[in-house]
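Student: Just passing along the structure, written as structure tokens.
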Amino acid sequence: MKENHSEAMERLQKSIDCIEKRLRIDSNDLDYETHLRQKRKLQQILDRMRSRGKS
């Protein structure tokens, strides 16, 4: 179970990193706000997973 949790957290972090790179490219693009919202949502999920893992 912990392996699945760790793998999921790694995938979330990779997605966040990809979106972060995309934000730099799309800084003047209409998709910027969409990518920013996606990044924030994924970061919230990852933060919750990390806090639950510590308990």
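Student: Take Leu12 and decide whether it is of a type outside the set (Lys, Arg) and assigned to a helix (DSSP H, G or I).
Tutor: Yes.
Student: May I ask you to say which residue of Arg11, Arg37, Arg24 is exposed (fewer than 12 other Cβ atoms within 10 Å of the Cβ) and at pLDDT 90 or above?
Tutor: Arg37
The values are calculated or read from the model by the stated rules, or taken from the named source; none is laboratory data. Remember, it's a predicted structure, so these values are computed and weren't measured experimentally. Backbone-built Cβ (ideal geometry, glycine too); neighbour counts: all protein chains shown.
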